[in-house]
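To start, the structure itself, in structure tokens.
The values are calculated or read from the model by the stated rules, or taken from the named source; none is laboratory data. None of these values were measured; they are calculated from a predicted model. In this analysis, Cβ positions are derived from the backbone assuming ideal geometry, glycine residues included, and neighbour counts consider all displayed protein chains. In case anyone asks, the SASA skips ligands and DNA or RNA and just uses the protein heavy atoms, side chains included. Shrake-Rupley method; radii C 1.70, N 1.55, O 1.52, S 1.80 Å.
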Amino acid sequence: MSPPDESGEVFEVGLLVCADDMGLCAQRDSGILSAFSQGIVSSASLLVTGSTAQDAARRAKEEGLMLGLHLNLTEGPPVSLSTSLLCRQGHKRAAGEGGGGVSGPSTELPHAK
């Protein structure tokens with residue numbers, strides 16, 4: 001509870017904790033689900049390009065853990081066939097890798113407006 005404001009009303013104060021990178025690996029997923037079951041974590045972001053993303057989404061749904069989308073523009077394999085953000089190896093451009101990352105000065109995004 002917070003102290004009363006000038007009108008004398010008391011407001012309940014809470015803390016939301018969102019775990020990052022669910023779907024990255026089995027160990028991360030288990031840790032996030034454990035923290036959720038203990039009341040430490042309120043929600044998680046799902047890394048859809050992670051190696052365990054499908055299983056993580058299923059487990060989160062079973063446990064009632066709310067998921068958000070982890071927008072990943074710079075690492076790992078792409079989710080779509082678009083090539084405008086990819087390096088020569090077919091992965092998303094990371095800093096220092098053929099264009100300096102998404103925000104790098106030499107990255108050209110012809111479809112972005």
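The C-beta contact set for segment 54-71 (first residue open to solvent by less than 60 Å² (accessible area, probe 1.4 Å), second residue part of a helix (DSSP H, G or I), distance under 6 angstrom, 6+ apart or interchain) comprises A56/D29; L65/F36. The residues of segment 31-41 that are open to solvent by 30 Å² or more (accessible area, probe 1.4 Å) and either farther than 25 Å from L73 by Cα or of a type in the set (A, V, I, L, M) (or both), listed by number, are S34, F36, S37, Q38, G39, I40.
Has segment 67-77 got at least one residue that is small (G, A, S) and either at pLDDT 95 or above or under 18 Å from the mean Cα position of the chain (by Cα) (or both)?
Scanning segment 67-77 turns up at least one residue that is small (G, A, S) and either at pLDDT 95 or above or under 18 Å from the mean Cα position of the chain (by Cα) (or both).
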